[in-house]
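To start, the structure itself, in structure tokens.
The values are calculated or read from the model by the stated rules, or taken from the named source; none is laboratory data. All figures in this text were calculated on a predicted structure; none of them were measured in a lab. Methodologically, a virtual Cβ is constructed for each residue, glycine included, from the backbone with ideal geometry; neighbour enumeration extends over all protein chains shown. Remember, those area values only see protein heavy atoms, side chains included, never the ligands or the DNA or RNA. Shrake-Rupley method; radii C 1.70, N 1.55, O 1.52, S 1.80 Å.
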Amino acid sequence: NVAASVVLGSDEVKLAPLSAKLADGTLAGDVAVKFSDGLKYNVNLQVKDADVAKFLEEAKTKPVMSGKLMATTTLAGTGGLPTIVGNGRMEIDGGQLTQIPILNLLATILQMEALRNLKFSECVMEYSISNNVMQTPVIRIISPELQITGKGSVSLADYSLHHNLTITFAKGALGAAPKEILSFFTEQTDGSMSLSFKVSGPYNSPKTDLTARIAKGVVQQLLEKVPVKMPNIFNN
């Protein structure tokens with residue numbers, strides 16, 4: 001259900017304004033393509049109240065997210081992905097993240113199964129694209145018991161991640177966590193508990209510095225609990 005006014009010029013085609021239906025929501029914006037000095041295009045789009053789960057289903061993509069999408073993006077380029085520059089903002093309200101690789105990894109490391117299917121009230125990402133890299137200066141996921149915030153970048157050539165993130169649990173939300181895990185969190189003035197970490201590697205199989213940090217810390221704690229007796233070589 002796309003509708004647009006088409007303007008044809010000697011070296012340019014414009015679709016403005018453009019409107020469409022997108023997964024029970026609306027899409028609006030404009031597109032301009034110039035041909036005078038090679039191909040150049042500019043795209044401005046706004047999405048409102050799109051059903052993310054339905055959108056992923058229609059795109060025949062794994063249903064890893066649900067919620068209502070609000071998004072704006074401005075893009076310009078001269079060809080494929082490596083030529084694109086632009087920026088935008090995406091907000092998804094009242095949804096769920098299901099089997100996201102980095103959340104699965106955190107669930108295993110922190111022994112918190114709820115992270116594998118995380119229900120959230122708000123999920124926000126701001127981004128800019130240039131040189132085949134997407135910078136993400138704002139990442140924010142908020143749920144009743146925790147929030148994840150941070151920033152980083154994604155290499156669009158191989159979809160590898162480079163992020164600095166912080167996970168913060170509300171006061172009392174970590175009550176059932178093992179003491180060995182709790183010791184790595186920092187208590188905030190409001191009683192919440194936070195832990196910062198780095199994420200790197202491919203999206204589908206990410207890595208985090210938490211793995212080594214926690215393993216090393218747990219071993220150190222175990223050693224501190226075990227009395228070490230030095231052999232008395234003088235009596236042998």
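log₁₀ I(q)/I(0) of region 6-90 at q = 0.17, 0.25, 0.26 Å⁻¹, via Debye over equal Cα point scatterers, no solvent, to two decimals?
Treating every Cα as an identical point scatterer, log10 I(q)/I(0) equals -0.81, -1.16, -1.18.
Report, in deg cm²/dmol and to the nearest 500, the calculated mean residue ellipticity at 222 nm for the chain, where each DSSP H run with n ≥ 4 adds -39500 (n - 2.57) and the sum is divided by the residue count.
-4500 deg cm²/dmol
Can you give the FRET efficiency for Lys34 and Ala114, using 1/(1 + (r/R0)^6), R0 = 45 Å, r = Cβ-Cβ distance, to the nearest 0.05? Before the final figure, lay out the partial values.
Details: r = 50 Å, r/R0 = 1.12.
That pair, Lys34 with Ala114, gives E of 0.35.
With every protein chain present, what is the per residue accessible area of region 46-145 (1.4 Å probe, Å²)?
Normalised by residue count, the accessible surface of region 46-145 is 51 Å².
Any chance you could list the semi-axes, whole Å, largest first, of the equivalent ellipsoid that the Cα gyration tensor gives for region 41-116, using √(5λ)?
Gyration-tensor ellipsoid for region 41-116: 29, 16, 12 Å.
To the nearest 0.05, how large is the calculated FRET efficiency for Ser19 and Lys60 if R₀ is 35 Å and r is the Cβ-Cβ distance? Don't skip to the answer; put the middle values down first.
On the way: r = 24 Å, r/R0 = 0.70.
For R0 = 35 Å, the calculated efficiency reads 0.90.
With θ set to phi - 60° and the Karplus curve 6.51 cos²θ - 1.76 cosθ + 1.60, what are the ³J(HN,Hα) couplings of region 157-164 in order, to the nearest whole Hz, using x for Gly and Pro?
6, 10, 6, 8, 9, 9, 10, 10
Over region 70-164, what percent of the accessible surface lies on carbon and sulfur atoms, probe 1.4 Å?
The value for region 70-164 is 57 percent carbon and sulfur by accessible area.
Along its three principal axes, how long is region 130-192 when you only count alpha carbons? Whole Å, largest extent first please.
Answer, in whole Å and largest first: 44, 22, 18 Å.
What's the carbon and sulfur percent of region 1-66's accessible surface, probe 1.4 angstrom, rounded to a whole number?
Within region 1-66, the accessible surface is 56 percent carbon and sulfur.
Taking Rh as the Kirkwood radius, which is the inverse of the mean 1/r over Cα pairs, what is the Rg/Rh value for the chain?
Answer for the chain: 1.14.
Suppose R0 equals 35 Å; then what is the FRET efficiency for Ser155 and Lys179 from their Cβ-Cβ distance, rounded to the nearest 0.05?
Taking R0 as 35 Å, the efficiency between Ser155 and Lys179 is 0.40.
Considering the zone a paramagnetic label at Ser121 would reach in this model (a point 7 Å from Cα along the Cα-to-Cβ line), which residues of region 147-180 have amide N under 14 Å from it?
147-148, 170-171
Percent of alpha carbon pairs in region 24-159 separated by more than 20 Å? Each step should come with its number before you reach the end.
Values: 5104 of 9180 pairs.
Roughly 56 percent, rounded to a whole number.
Alpha carbon centre of region 1-51 versus region 69-139: separation in Å?
24 Å
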